[in-house]
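The block underneath contains the structure these notes are about, expressed in structure tokens.
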């Protein structure tokens with residue numbers, strides 16, 4: 001049994017190094033002939049680089065068995081590493097950056113089969129500075145930009161009081177259906193976050209308040225945390241140049 005697990009993990013990792021998208025498809029195919037417990041063991045045998053490559057290349061419009069079986073900690077580590085695999089069009093365009101991070105977070109969170117798992121993932125992300133920065137990116141314009149399509153849907157008053165609660169959209173209603181928010185609307189994901197983990201929504205707002213409305217500052221902080229995470233997990237000696245290039249469009 002252990003031999004089967006190790007062989008399968010090695011096969012997926014080798015394929016991921018060459019063609020991550022094919023590795024994702026291969027894992028989904030293998031999943032049809034293995035139990036969930038076996039698949040969890042296969043995932044545990046893979047390093048974070050492999051898991052990040054596979055999830056970054058997975059078609060996020062389709063369910064992912066791997067994402068469903070990963071632990072909150074594994075998902076957090078993937079979120080911290082995933083920006084290293086952004087395409088150039090994402091690196092060089094703020095709108096693309098917000099859309100991509102929104103799509104990726106929606107994919108990782110909504111695919112989970114229980115509210116408890118969603119909550120655990122959100123709370124795990126909030127515990128890591130780099131992951132929290134990533135989670136916050138889709139909402140920068142929404143919270144700091146003060147734009148809202150309907151005054152009845154949301155209160156966009158930005159409160160600077162130091163009460164750690166009333167900042168940004170403080171009157172958000174957690175029930176997504178109450179305002180017919182579509183799944184591709186960032187407000188829908190933020191509503192889900194507030195419903196599942198109100199403390200995480202508060203952490204997002206407080207972090208954005210602490211950075212003011214300076215886009216460059218918040219992205220710079222995220223980039224710095226990303227470098228730290230990359231060094232710890234990949235033992236990279238110098239990724240500063242790559243990350244600086246990643247966010248050069250904000251200079």
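None of the figures in this text is laboratory data; all of them are computed from the coordinates on show. All values derive from a computational prediction rather than experimental measurement. For neighbour counting, all protein chains shown are included, and Cβ atoms are generated from backbone atoms with ideal geometry for every residue, glycine included.
Classify the stretch 1-80 from the C-alpha gyration tensor, please: rounded if a/c falls under 1.5, else prolate or oblate depending on whether a/b exceeds b/c. It is rounded, given that a/c, with a ≥ b ≥ c, falls under 1.5. What nm value, rounded to one decimal, do you get for the distance between residue 123 and residue 7 when each label is placed 7 Å out toward the C-beta? A separation of 4.1 nm, rounded to one decimal place. When 124, 62 are arranged by Cβ crowding within 10 Å, least crowded first, meaning fewest neighbours, the order is 62, 124. The ranking of 49, 18 by Cβ neighbour count inside 10 Å, starting from the fewest, reads 18, 49.
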